[in-house]
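Here the structure comes first, spelled out in structure tokens, and everything after it is commentary.
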Amino acid sequence: MNLLRKYWLKWNIRQAATGDVSAMNRLYLLGDPWKLNTTTEHFRFRETARIIREKIANHFDNILEIGSGEGLQTSYLAPLADRVVGLDPSSQAVLRANAKKIANASFVVGDFNGFINRSNERFDLVTACEVLYYMLDIDQAYEKLNNLGRNCVVTYYQGEFDRLDKYFANKNVHSATITCRACQWRVVFWKQC
């Protein structure tokens, strides 16, 4: 049964990476499909928030969180802003995030590539934590982040260091590394003029 579950997860992840929203919703039929509600991931959430506070700013008027999922990382971003908007393609994830009742956060179902900021104002901060490596066109995602935010933060785990470190090598960005016993993550951040 465990082998069948792994195959099912991998197949749906591949489908979701191609933009199949149904696959994303199928993944969220499982509780915490990305295994984010763990001590290790909460450490990453805390450290990411710390790096944002220390390297970018203590407080923002608004934050756009790309790939907010069930709102686990949102609870760490919320103290940094007056308002957080979480965007996720899964309606199941958004339902769970809304159930957390984070006072200054709202969650919307939507695709990052198709997201249009109705206010036409840039967000003070846009985060894309652990989602960039799922994007089919990283250049397009990078440009979209720049169009949406005055400040941008992306994170990715050590399995993506080779590919994404090379991508960011010629960009005007800064980075930090989060390290714990189980894993490392790169935090890449930059400011728009």
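FYI, it's all coordinate maths here, none of it is from the lab. A quick note: this is a predicted structure, and the numbers were derived from the prediction, not measured. Here the Cβ is made from the backbone with ideal geometry for all residues, glycine too, and neighbour counts use every protein chain on show.
Worth pointing out:
- Here is the list for the stretch 103-193: GluC sites (Glu not before Pro) lying in DSSP coil, each with at most 12 other C-beta atoms within 10 angstrom of its C-beta, are Glu121.
- With a Cα cut-off of under 26 Å and a minimum spacing of 8 residues unless on different chains, the lysine pairs in the chain number 14.
- Each Lys or Arg adds one and each Asp or Glu takes one away; over the other residues whose Cβ falls under 15 Å from the Cβ of Thr18, this sums to 0.
- In this label model, Phe115 and Asp61 are separated by 1.8 nm, measuring between points 7 Å along each Cα→Cβ vector.
- Expressed in units of 2.2 N^0.38 Å, where N is the residue count, the Cα radius of gyration of the chain is 0.98.
- Inter-label distance for Lys6 and Gln192, nm, one decimal - labels placed 7 Å from Cα along Cα-to-Cβ: 4.2 nm
- In range of the label at Leu30: residues from the stretch 87-116 whose backbone nitrogen is under 19 Å from the point 7 Å along Cα→Cβ: 89-97
- Simple Cβ-charge dipole of the stretch 37-191, Lys/Arg +1 and Asp/Glu -1, about Cα centre, in debye nearest 20: 380 debye
- Virtual spin-label span in nm between Asn172 and Gln158, 7 Å along Cα→Cβ: 3.3 nm
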